[in-house]
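The values are calculated or read from the model by the stated rules, or taken from the named source; none is laboratory data. Fair warning: this is a prediction, and the values are worked out from it, not measured in the lab. With ideal geometry, Cβ positions are generated from the backbone for all residues, glycine too; neighbour counts draw on all protein chains shown. When the accessible area is computed, the model is the full protein with side chains, heavy atoms only, and any ligands, DNA or RNA have been set aside. Shrake-Rupley method; radii C 1.70, N 1.55, O 1.52, S 1.80 Å.
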Amino acid sequence: MHAVDTVNKEPAYLRLANTLERLIATRSMRPGDRMPSVRQFSRQQRVSVPTALQAYATLEVRGLIEARPRSGFYVRWRRADATPEPRMRARSAPRAVVPRDADPVEALLTDHANGDLVPLGAAIPAPSLLPGAKLARIMSTISRDLGADCVAYDVAPGALALRRELSRRSLDWGCAIPADDFLVTVGATEALSLALRVTCKPGDTVLVESPTYFGLAGMFRDLQLKALPVPVHAADGIDLEVLQRLLRGTRVAACVVIPNFHNPVGCLMPDEHKRQLVALCARRAIPLIEDDTYADLQHDGPRPQSLKAFGDPDGVILCGSYSKKLAPGFRIGYLAAGRWQARARALKQTSTLVGALLPALVIAEFLKNGGYDRYLRSVRQAYRQQVARMTEAVIESFPAGIRLSRPKGGFLLWCELPETVDAVKLATEARAAGISIAPGPMFSPAGGLRNFIRINCGHPWDARVERAVGILGHLARDSRCAV
Ligand SMILES: Cc1ncc(COP(=O)(O)O)c(C=O)c1O
């Protein structure tokens, strides 16, 4: 039996290993540093020598430290530290275009549902990491309490119990959004679509990040909007200089960004950039649409703040959902559209009219009493480790010259391949070999990103995933996947 920490209810060795991992991840302990001896560490932490040893063994298995004969334990040099981040260059003169039609989004989701394929494509976490059993128990209790009403519509603005929880949590996002200022939506998808519909009309130009979430491309086509792409840097998000330059020369109806754990890059926009972005848009009265879908999934530190915290909150339209965090199939999202809220509520009538009451109440109850914060602590750690394992495995298997993002949250890894590799051909060959991945062009609002791929790290590391990464590395060298 391992000693158990009675406060955290996890074995003491695991708590210690996680603490040390955090010190290594934040580079407080750097590659090459010597660890305290096992005895010393056991004395420092008031644990037994076997517990300290077990903590070190866990870090060894995670590839974070190594034992050197007769010398002790050292923080390992990880190749991830030496692998550069993907480059994002602005095209010489970015042009506004309506995104092209053929997009493989549906195929990506179908592939994800196909159990024969290793799911490295769609950005969906493994069900085993989500609290499905707990949500099912809550659902059965609530249905019993509601009786016949459990099949009811959820009429706009949506279940008050959920909006109250969102309001309470908004304090943690650096905001204080009243429950009445939220509209419950069918996923972040409906929230984004409403945000675009309330701010734009056909023919308008919208600033978007490149790369960006591919779901936007379909919405732009449907609404006949032109996307004006601004490059996203792997380290700190949207390029504010390019954005400022474009704003000088173009009339823009809105700007859509994913500041917190960007899809597909995983980056986090620094607070100072958030402040500047909000100010830039406010000065020109440009509505700023914020997609906050991944924001609770930071790998470390506090939850990043919403753009609403950095200026007039009414000028920022906040879109989010619990799809990546709790239950993709419940389709529970939300919109806090500031000065456009009343119009968004009216427009919802022609998109989905109403929502489903039961899932909204279940999510509300989980947020209130179901241990959401405890659950988040464990899932964040899982994603951090899965991204780290995937990063090491990709570096090991892929051709020299690749560049990888260093996600600060979420479970997506963005990879720039050598320019000789065609990511769409790679995705086709990978599929034939039983692996789903997402090729770069899907994330490009205006074409390009031909030699990039996104890898979903939302599944626990196992032999199947490891083998798949080896095959991908092999295919990336194969002439069938060459440009
Ligand atoms: C950045 C981003 N926004 C929005 C969505 C859509 O989310 P939902 O499933 O809540 O509609 C996704 C889903 O992949 C996403 O990655």
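The table for this structure:
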| quantity | calculated |
| --- | --- |
| C-alpha center-to-center spacing [region 277-319, region 28-64] in angstrom | 40 Å |
| Protein accessible area in region 51-145, 1.4 Å probe - carbon and sulfur % | 56 percent |
| Å² of accessible area per residue within the chain, as computed with a 1.4 Å probe and no ligands counted | 43 Å² |
| The chain, dipole about Cα centre (Lys/Arg Cβ +1, Asp/Glu Cβ -1), debye to the nearest 20 | 900 debye |
| Residue-wise HN-Hα coupling along region 449-459, computed from phi with Karplus coefficients 6.51, -1.76, 1.60 (Hz; x: Gly, Pro) | 6, 5, 10, 10, 9, 10, 10, 7, 10, x, 10 |
| Exceeding the 25 Å Cα-Cα cut-off - candidates Lys134/Lys325; Lys134/Lys368; Lys134/Lys348; Lys325/Lys425; Lys201/Lys348 | Lys134/Lys348; Lys325/Lys425 |
| Percent RCO, i.e. relative contact order, over the chain, from Cα pairs under 8 Å lying at least 6 residues apart | 20 percent |
| Peptides ranked, highest mean first, by Cβ atoms within 10 Å: ranges 459-472, 401-414, 161-174 | 401-414, 161-174, 459-472 |
| Prolate/oblate/rounded label for region 145-267 (Cα gyration tensor, a/c 1.5) | prolate |
| Longest to shortest principal axis, alpha-carbon extents of the chain, angstrom | 70, 59, 45 |
| Cβ-based net charge around Lys308, under 14 Å, with every Lys or Arg adding one and every Asp or Glu removing one | -3 |
| Heavy atoms of Ser48 accessible to a 1.4 Å probe, total area in Å² rounded to 10 | 60 Å² |
| Kirkwood-based Rg to Rh ratio, region 343-406, C-alpha trace | 1.27 |
| Positive dipole terminus of the chain, leading residue within Gly447, Pro270, Thr212 (C-beta point charges) | Pro270 |
| Formal net charge of residues neighbouring Arg248 (Cβ-Cβ distance under 12 Å; K, R +1; D, E -1) | +3 |
| Of the DSSP H helices in the chain, those whose Cα atoms cover at least 30 Å axially and whose Kyte score averages -1.0 or more | 372-397 |
| Cα-based shape type of region 81-222, given that a ≥ b ≥ c are square roots of the gyration tensor eigenvalues and the cut on a/c is 1.5 | prolate |
| Burial order of peptide ranges 142-152, 292-302, 336-346 (average beta-carbon count within 10 Å, highest first) | 292-302, 336-346, 142-152 |
| By average C-beta atoms within 10 angstrom, highest first, the peptides 200-207, 111-118 | 200-207, 111-118 |
| Gyration tensor verdict on region 366-483 (Cα atoms; rounded if a/c is under 1.5, prolate if a/b is larger than b/c, oblate otherwise) | prolate |
| Which of Pro259, Ala309, Ala25, positive extreme of dipole for the chain (C-beta unit charges) | Ala25 |
| Magnitude of the charge dipole, region 248-356, Cβ model with Lys/Arg +1 and Asp/Glu -1, debye to 20 | 460 debye |
| Normalised contact order of region 191-241, rounded percent, pairs of Cα under 8 Å and 6 or more residues apart | 38 percent |
| Arg137-Thr110 FRET efficiency (beta carbon distance; Förster radius 45 Å; 0.05 resolution) | 0.90 |
| Long-range amide H partners of Ser436 with built H, under 5 Å | Val118, Leu120, Gly121 |
| Apportionment of accessible area to carbon and sulfur, region 200-310, percent (1.4 Å) | 48 percent |
| Thr185 long-range amide H proximity, modeled H, under 5 Å | Gly333, Tyr334, Leu335 |
